[in-house]
Amino acid sequence: MDHRFVGLLPPGAGGDDVLSLYRDAARPAPPDRPWVLANFVAGLDGSIALDGRVGSLTSAADQVVFTLLRELADVVLVGAGTVRAERYGPVSIDDAAREPRAERGQEPVPPVAVVTRSLQLDLSGQLFRDPDRRPIIITVERTDDAARRRVGEVADVLVAGETVVEPARALAALADRGMRLVTCEGGPSLITMLLGAGMLDELCLTLTPLVGGDPVRLVSDAPRLPLTRFDLASVVSGGRDELFLRYVSPRAEDGGA
Ligand SMILES: NC(=O)c1ccc[n+]([C@@H]2O[C@H](COP(=O)([O-])OP(=O)(O)OC[C@H]3O[C@@H](n4cnc5c(N)ncnc54)[C@H](OP(=O)(O)O)[C@@H]3O)[C@@H](O)[C@H]2O)c1
């Protein structure tokens, strides 16, 4: 399908294969954790949801980029609020994307890793139904034993903090599993945690020309984040007047993350 992706910045970059700007970007994993890329779609007013879901903020063109960023991932990381709101299932990867994944030494399909303190997840939902695509649940020491046991029957459980999941521990646990590229699909609480820890290397932001969504933005209101600057790596236009922006942390580019 033609979504008329046009590379605007760097000028002419990507040529006919504009999405190679995403596919071929350098993403050097730091020594102690994977590279962390977050993918969001937002309206012009900064809203990231309509009636509690992404809904019509996204579009066919945005879904092309969303799918591509999943195809690049070793793991898709997401907060439990988003899993509940968007009724997450396992990731599907097209046959055409499996060969490049194999060439990069990746598993055929990236697992979904869910960050949760409460463990309040619908264990009968589609995310937990396929024993060959068990999700990873990243949680804390202080959880209800019975709930943890139930989750452990249908998912791999990682403990990464006592009362709150600590980003460094969570990401180190994913690195221990050989994961070098995390695609984080939100939501705001999880991104705030990653930004607060200085562990967001790349933000892929689709700006969609709508206003009037929910008063919820990309980060949560608290805690207030340290002021952090990102470098603009590429701008692509496409779909129906969307802008696809890719920002990279200067610290990550320097390899000092
Ligand atoms: N536009 C977009 O691109 C986009 C992307 C993603 C989400 N969204 C929207 O964002 C909304 C959901 O927002 P949200 O803030 O609830 O989402 P969230 O960040 O996905 O989930 C928050 C939940 O994640 C868990 N969590 C996050 N950080 C944690 C930590 N450090 N330790 C332990 N658990 C942690 C907690 O789960 P428990 O409550 O289970 O303990 C927390 O309640 C939905 O409307 C969704 O549609 C939009």
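The values are calculated or read from the model by the stated rules, or taken from the named source; none is laboratory data. It should be emphasised that the depicted structure is a prediction, and the values quoted were computed from it without experimental measurement. Don't worry about glycine lacking a Cβ; one is built from the backbone with ideal geometry, like all the others, and counts go over all protein chains shown.
Could you tell me which numbered condition residue 106 fails, if it satisfies all but one of (1) out of contact with any Pro (no Cβ under 9 Å at 6 or more places or on another chain); (2) part of a loop (DSSP other than H, G, I, E, B); (3) more than 16 Å from the ligand (Cβ to nearest atom)?
Residue 106 satisfies all of (1) out of contact with any Pro (no Cβ under 9 Å at 6 or more places or on another chain); (2) part of a loop (DSSP other than H, G, I, E, B); (3) more than 16 Å from the ligand (Cβ to nearest atom) except (1).
Of everything in region 200-218, what is surrounded by fewer than 23 Cβ atoms within 10 Å (Cβ to Cβ) and part of a loop (DSSP other than H, G, I, E, B)? Give them in sequence order.
209, 210, 211, 212, 213, 214, 215, 216, 217, 218
For every residue, the table says whether it meets (1) within 16 Å of the ligand (Cβ to nearest atom); (2) farther than 22 Å from residue 54 by Cβ; (3) free of Cβ contacts under 8 Å to residues at least 12 places away in the same chain; (4) out of contact with any Ser or Thr (no Cβ under 9 Å at 6 or more places or on another chain).
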position: 208; (1), (2), (3), (4): yes, no, no, no
position: 215; (1), (2), (3), (4): yes, no, no, no
position: 229; (1), (2), (3), (4): no, yes, no, no
position: 235; (1), (2), (3), (4): no, no, no, yes
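Please find, among 51, 32, 16, the residue that is within 11 Å of the ligand (Cβ to nearest atom) and either out of contact with any strand residue (DSSP E or B) (no Cβ under 8 Å at 6 or more places or on another chain) or among the β-branched types (Val, Ile, Thr) (or both).
51
Yes/no per residue for (1) within 16 Å of the ligand (Cβ to nearest atom); (2) surrounded by fewer than 17 Cβ atoms within 10 Å (Cβ to Cβ); (3) of a type outside the set (S, T, N, Q); (4) at pLDDT 95 or above:
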{"position": "4", "(1), (2), (3), (4)": "no, yes, yes, no"}
{"position": "40", "(1), (2), (3), (4)": "yes, no, yes, yes"}
{"position": "47", "(1), (2), (3), (4)": "yes, no, no, yes"}
{"position": "65", "(1), (2), (3), (4)": "yes, no, yes, yes"}
{"position": "77", "(1), (2), (3), (4)": "yes, no, yes, yes"}
